[in-house]
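Read the structure below first, then the notes.
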Amino acid sequence: MAQDTLELTCERMGYGPDAIAHRDDGKTVFVLGGAPGDVVRCEVTGTGSSFDRARVVEVVSAGDARRAAACTYAGVCGGCPWAHLTRAAQLDAKRGAVIDALARIGKMGREAAEGLVGACEAPSDEWGYREGNWNIVDGQLESTGRYGKMLMGGFDDIHLTDYTVELIVPST
């Protein structure tokens, strides 16, 4: 059976790796690999009564929030799911997630939540704030120099040959 393919405009980032878009009928779609402002062709990967999940198969028109990811494994590995977003878009999305939680779950109201949550402060080094890394190498860290990352949406591992973002491995 052929997968359902949609063309959608991504509105904003949700909490997690997905952009949020809506079908013509208003149903929410969580789009893996999307960025705010993108017009994307995507494949539906799951359906529910109140929302669907999809993954980008083509960026028809890139939004201002999109950039080329610094890592060749972005979009495959689960280590940096927002690497395709500009730094400003990442910070806006983080702030937006807190506001959304306070407004929806905390029932604070959007205006009150926005007034409470200030702008995110970025570290001086865009990638330097990461204190750790989930590395899988045949199930554990080893000294062969082969590092793996958990695949997005799964627990299989991939072996990296050129990992752009610095790996931080704890010393033993």
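Here are some notes:
- Scan of region 48-60 for residues that are free of Cβ contacts under 8 Å to residues at least 24 places away in the same chain and loosely packed, with under 15 Cβ neighbours inside 10 Å, ordered by number: GLY48, SER49, SER50, GLU58
- Number of the exception - GLY153 against (1) of a type outside the set (Ser, Thr, Tyr); (2) modelled with pLDDT of 90 or more; (3) at positive phi: (2)
Matching residues to (1) part of a strand (DSSP E or B); (2) under 11 Å from the mean Cα position of the chain (by Cα); (3) over 21 Å from ALA101 (Cα atoms); (4) of a type in the set (D, E, K, R):
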site	(1), (2), (3), (4)
LEU8	yes, no, yes, no
TYR15	no, yes, no, no
ASP24	no, no, yes, yes
GLU43	yes, no, yes, yes
ASP52	yes, no, no, yes
ALA68	no, no, yes, no
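- Filtering ARG130, ARG66 for residues that are among the charged types (D, E, K, R) and modelled with pLDDT of 90 or more leaves a single hit, ARG66.
- Selection from region 52-83 of residues that are in contact with a strand residue (DSSP E or B) (Cβ under 6 Å, 6 or more places away or on another chain) and either closer than 16 Å to THR9 by Cβ or charged (D, E, K, R) (or both): ASP52, ARG53, ALA54, ARG55, VAL56, VAL57, GLU58, VAL59, VAL60, SER61, ALA65
- For beta carbons closer than 9 Å, sequence separation of 6+ or different chains, a first residue in region 111-122 that is in contact (Cβ under 8 Å) with a residue 12 or more places away in the chain and a second that is of a type in the set (Ser, Thr, Tyr) and exposed (fewer than 10 other Cβ atoms within 10 Å of the Cβ), the qualifying pairs are ALA122/TYR129.
- Residue within region 9-16 that is out of contact with any helix residue (DSSP H, G or I) (no Cβ under 9 Å at 6 or more places or on another chain), of a type in the set (Asp, Glu) and surrounded by 13 or more Cβ atoms within 10 Å (Cβ to Cβ) present: yes
- For region 26-41, filtered to residues that are assigned to a loop (DSSP other than H, G, I, E, B) and at pLDDT 95 or above, the residue that is farthest from ARG104 (Cα to Cα) is ASP38.
- Of the candidates ALA83, ALA88, ALA112, ALA93, the single residue that is of a type in the set (Gly, Ala, Ser), outside any loop (DSSP other than H, G, I, E, B), modelled with pLDDT of 85 or more and out of contact with any Leu (no Cβ under 9 Å at 6 or more places or on another chain) is ALA88.
The values are calculated or read from the model by the stated rules, or taken from the named source; none is laboratory data. All values derive from a computational prediction rather than experimental measurement. Don't worry about glycine lacking a Cβ; one is built from the backbone with ideal geometry, like all the others, and counts go over all protein chains shown.
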